[in-house]
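Contents: one structure, followed by commentary.
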Amino acid sequence: MNRKQKEAVIRAVFFSFALVSILILGLIVVSLFREGLPLFRQVSVKDFLFGMEWYPTYDPPSFGIWPLIVGSVIVTVLATLIAIPIGILTAVYIAEVAPPLLKDVFKSVIELLAGLPSVVLGFFGMVVVAPWLQDTFDLPTGLNIVNASLILALMAVPTIASISEDAIYAVPREYKEASYALGATTHETILRVVIPSALSGISTAVILGMSRAIGETMVVLMVAGGAAAIPESLFDSVRPMPASIAAEMGEAPFRSLHYQALFATGMVLFFITLAFNLVADYISNKFKEVGSGTL
Amino acid sequence: MTTTAIRYRYIKQTVFFGLVRLSAFILALALGGILAYIIVHGISALSWEFVTQPPREAMTKGGIMPAIVGTFYLTVGAIAVGLPLGIVSAVYLTEYARQGPVIRVIRIGINCLAGVPSVVFGLFGLGFFVVMLKFGSSILAGSLTLGFLILPTIIGASEEALKSVPQTFREASLALGVSKWQTILRIVLPTALPGILTGSILGLGRAAGETAPIMFTAAAFFTAKLPTSVFDEVMALPYHIYVLATAGTNIEETRPLQYGTVLVLILLVLGIDLVAILIRATIRRRKKW
């Protein structure tokens with residue numbers, strides 16, 4: 001084998017390895033479908049997605065995941081609303097305001113926060129946030145939407161802050177200089193020039209943060225309370241989709257309808273996060289800043 | 001401009017910077033508060049017995065040694081799966097690939113894989129490794145699941161490290177008549193190796209702390225004996241915390257054990273992360289090109 005052929009072979013081997021990520025995505029879809037799709041021989045897609053009752057162990061059982069979807073959406077939206085201002089402002093702080101030494105310190109803070117295992121945050125929510133909520137607001141239980149959203153926000157903030165910071169950092173210096181030259185103050189420059197220029201990156205950050213929150217399992221499993229019903233107040237318990245899967249898979253008999261319904265719930269979760277990620281990818285590519293005009 | 005307008009701008013500036021500093025401060029406080037709380041409550045449970053003894057009396061007493069061992073095996077297994085796959089993928093993407101639709105699809109695939117929820121990885125591991133490939137709930141199934149979970153992290157870190165190798169290094173090697181493959185193997189990879197390793201250590205920390213992916217693929221509620229083969233179930237620190245905190249025989253009474261286990265997990269994971277962060281800072285400072 002001459003050198004050229006050898007190089008071609010090596011290249012092909014590397015290429016096939018690069019395809020592994022796609023292959024894994026494919027395997028995930030195949031496994032979820034293989035174990036989850038048989039459910040729809042007995043339960044219609046409409047009853048599954050929009051059914052109001054999740055009673056998987058009753059006789060006859062009922063497999064409507066609408067309350068679980070609502071639970072997921074509520075905690076995710078609330079968590080995102082908390083995480084967006086904190087995440088973006090922290091990104092601004094690190095990229096534009098902090099002195100060099102504190103910049104590194106806060107970058108590490110965000111990295112360590114992102115590195116905290118979710119089970120630890122869930123545990124913290126159970127033993128600290130829950131009793132506090134219960135006492136302060138005189139509630140029957142502190143394991144509820146507010147608690148889950150607060151902890152989820154803490155998990156979404158590092159994602160939002162670190163990606164936003166990259167986007168803000170990438171804004172060309174000329175933009176800021178032009179703004180200062182026009183007499184704008186620092187905060188006017190940041191709010192009217194820097195953040196708008198970084199908006200596509202910040203949007204990507206927010207979407208990925210939401211995607212992280214909706215897929216997060218241990219936190220909602222431990223602190224959301226677990227009631228599979230449509231909540232009436234923010235202090236009600238909910239049972240988001242990941243919590244339902246994690247809590248029930250252990251007791252669902254192998255290949256029973258319940259087991260299949262949990263895989264089908266996993267399919268719903270998978271496609272929601274897939275959509276979030278595709279949209280984030282689209283935005284970050286479509287509005288990518290390519291160079292800046294110079295003299 | 002009138003004085004009031006100037007004063008108004010000044011107030012706005014002050015308020016804005018106040019909010020910006022406040023946000024960063026809240027985050028630091030949250031991290032510090034959580035760590036301090038866990039350390040204060042967990043430190044009294046820590047002892048040599050705690051980390052070297054198995055649990056006793058229906059997990060209300062004793063230590064957590066089997067869970068530490070289990071997490072060690074799972075994490076090492078995950079790195080053994082994720083590291084080679086990740087480095088080779090990253091080498092292809094940075095050294096061989098030319099811009100085009102195929103690369104675009106691979107990149108989207110990696111991004112989407114990074115976004116797959118951990119519980120879905122758990123279902124995948126159950127459906128594919130445990131059921132379809134008949135590995136059963138085992139170290140093997142759990143390691144493979146975790147390895148695939150951290151693959152995007154490792155690819156990302158490796159790509160960044162490879163990209164930071166100056167182009168002139170490659171050109172100098174190629175100019176001497178060295179083939180592309182030899183250049184990658186002898187010049188590019190060794191230069192990028194510290195960066196690749198630090199990034200991978202972060203993946204290691206993530207693998208050690210994940211719970212949902214191992215719940216159905218590897219983790220045992222309780223087993224006093226240590227694993228003897230890759231087809232054995234193991235206890236794991238994150239799952240042990242979950243079990244003690246939610247399903248133990250006496251949740252309130254075992255709180256000290258719970259705090260102790262959380263502290264051990266945090267020391268392990270954040271210790272790993274901190275080492276990575278420090279190594280990276282040192283590399284950046286030492287870099288001469």
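The values are calculated or read from the model by the stated rules, or taken from the named source; none is laboratory data. Worth saying up front: this structure is predicted, and the values here are computed from it rather than measured. Every residue, glycine among them, receives a Cβ derived from its backbone with ideal geometry; neighbour counts consider all protein chains shown.
Only one entry of B:237, B:278 meets the criterion of being crowded, with 21+ Cβ neighbours inside 10 Å, under 22 Å from residue B:31 (Cβ atoms) and of a type outside the set (Gly, Ala, Ser), and that entry is B:237.
Collect the residues in the stretch B:26-57 that are of a type in the set (Phe, Trp, Tyr) and exposed (fewer than 15 other Cβ atoms within 10 Å of the Cβ), keeping them in residue-number order. Lay out the reasoning, then the answer.
If we filter the stretch B:26-57 for residues that are of a type in the set (Phe, Trp, Tyr), which is where we start, we get B:37, B:48, B:50.
Answer for the stretch B:26-57, where residues must be of a type in the set (Phe, Trp, Tyr) and exposed (fewer than 15 other Cβ atoms within 10 Å of the Cβ): just B:48.
Taking the criterion of being within 17 Å of residue B:75 (Cβ to Cβ) and hydroxyl-bearing (Ser, Thr, Tyr), the residues of the stretch B:138-165 that qualify are B:138, B:143, B:145, B:153. Those helices (runs of 4 or more DSSP H) of the stretch B:99-193 in which 3 or more residues are at pLDDT below 95 occupy B:101-115, B:139-163, B:167-175, B:180-183.
Kindly indicate whether residue B:115 is within 10 Å of chain A (Cβ to nearest Cβ) and without any contact (Cβ under 8 Å) to a residue 12 or more places away in the chain. Let's see the steps before the verdict.
Numbers: within 10 Å of chain A (Cβ to nearest Cβ): yes; without any contact (Cβ under 8 Å) to a residue 12 or more places away in the chain: yes.
Yes, satisfied.
A quick yes/no check of all residues on (1) more than 10 Å from chain B (Cβ to nearest Cβ); (2) out of contact with any His (no Cβ under 9 Å at 6 or more places or on another chain); (3) touching a residue at least 12 places away in the same chain (Cβ under 8 Å); (4) not hydrophobic (A, V, I, L, M, F, W, C):
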site: A:120; (1), (2), (3), (4): no, yes, no, no
site: A:126; (1), (2), (3), (4): no, yes, yes, no
site: A:129; (1), (2), (3), (4): yes, yes, yes, no
site: A:132; (1), (2), (3), (4): yes, yes, no, no
site: A:135; (1), (2), (3), (4): yes, yes, no, yes
site: A:140; (1), (2), (3), (4): yes, yes, no, yes
site: A:148; (1), (2), (3), (4): yes, yes, yes, no
site: A:152; (1), (2), (3), (4): yes, yes, yes, no
site: A:155; (1), (2), (3), (4): yes, yes, yes, no
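Looking at A:21, A:62, just one residue is free of Cβ contacts under 8 Å to residues at least 60 places away in the same chain and in contact with an Asp or Glu (Cβ under 6 Å, 6 or more places away or on another chain), and that residue is A:62.
Regarding the stretch A:251-258, can at least one residue be identified that is closer than 30 Å to residue A:62 by Cβ and either basic (Lys, Arg) or not assigned by TED's automatic domain parsing to the domain that holds residue A:83 (or both)? Taking every residue of the stretch A:251-258 in turn, at least one turns out to be closer than 30 Å to residue A:62 by Cβ and either basic (Lys, Arg) or not assigned by TED's automatic domain parsing to the domain that holds residue A:83 (or both). In the stretch B:81-112, which residues are facing chain A (nearest Cβ under 7 Å) and within 15 Å of residue B:161 (Cα to Cα)? Across the stretch B:81-112, the qualifying residues are B:88, B:89, B:91, B:92, B:93. Within the set A:80, A:90, the sole residue that is crowded, with 21+ Cβ neighbours inside 10 Å, more than 14 Å from every other protein chain (Cβ to nearest Cβ) and part of a helix (DSSP H, G or I) turns out to be A:80.
Residues that are buried (at least 16 other Cβ atoms within 10 Å of the Cβ) and more than 22 Å from the chain's Cα centre (by Cα): find the helices (runs of 4 or more DSSP H) completely inside the stretch A:179-295 holding 2 or more of those. Spell out how you get there, then give the answer.
Numbers: elements: A:186-189, A:199-215, A:218-223, A:241-248, A:257-286.
The helices (runs of 4 or more DSSP H) meeting that bar are A:186-189, A:257-286.
Please determine, by comparing only the residues of the stretch B:233-289 that are among the aromatic types (Phe, Trp, Tyr) and under 29 Å from residue B:135 (Cβ atoms), which one is nearest to the chain's Cα centre (by Cα). Going through the qualifying residues, I end up with B:239.
When we screen B:196, B:272, B:277, B:266 for residues that are on the phi < 0 side of the Ramachandran plot and more than 9 Å from chain A (Cβ to nearest Cβ), the only hit is B:196. With respect to (1) more than 9 Å from chain B (Cβ to nearest Cβ); (2) within 22 Å of residue A:50 (Cβ to Cβ), the lone exception for residue A:214 is condition (1).
Matching residues to (1) within 9 Å of chain B (Cβ to nearest Cβ); (2) under 23 Å from residue B:114 (Cα atoms):
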{"site": "A:11", "(1), (2)": "yes, no"}
{"site": "A:21", "(1), (2)": "yes, yes"}
{"site": "A:27", "(1), (2)": "yes, yes"}
{"site": "A:36", "(1), (2)": "yes, yes"}
{"site": "A:41", "(1), (2)": "no, no"}
{"site": "A:56", "(1), (2)": "no, no"}
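Among the residues of the stretch B:148-161, those identified as facing chain A (nearest Cβ under 10 Å) and surrounded by 24 or more Cβ atoms within 10 Å (Cβ to Cβ) are B:148, B:149, B:151, B:155. Within the stretch A:51-69, the set of residues being at pLDDT 95 or above and surrounded by fewer than 18 Cβ atoms within 10 Å (Cβ to Cβ) comprises just one member, A:66.
For residue B:244, state whether it is surrounded by 24 or more Cβ atoms within 10 Å (Cβ to Cβ) and within 25 Å of residue B:36 (Cβ to Cβ).
Criteria met by residue B:244.
Name the residue, out of A:198, A:224, A:205, that is of a type in the set (A, V, I, L, M, F, W, C) and either within 11 Å of another protein chain (Cβ to nearest Cβ) or within 23 Å of residue A:122 (Cβ to Cβ) (or both). Of A:198, A:224, A:205, the one residue that is of a type in the set (A, V, I, L, M, F, W, C) and either within 11 Å of another protein chain (Cβ to nearest Cβ) or within 23 Å of residue A:122 (Cβ to Cβ) (or both) is A:224. Do you know which of the residues in the stretch B:11-57 that are without any contact (Cβ under 8 Å) to a residue 24 or more places away in the chain and more than 12 Å from chain A (Cβ to nearest Cβ) is nearest to the chain's Cα centre (by Cα)? Within the stretch B:11-57, the match that is nearest to the chain's Cα centre (by Cα) is B:52.
Going by the conditions given, is residue B:259 outside any loop (DSSP other than H, G, I, E, B), touching a residue at least 24 places away in the same chain (Cβ under 8 Å), facing chain A (nearest Cβ under 9 Å) and more than 16 Å from residue B:51 (Cα to Cα)?
Details: outside any loop (DSSP other than H, G, I, E, B): yes; touching a residue at least 24 places away in the same chain (Cβ under 8 Å): yes; facing chain A (nearest Cβ under 9 Å): yes; more than 16 Å from residue B:51 (Cα to Cα): no.
In short, no.
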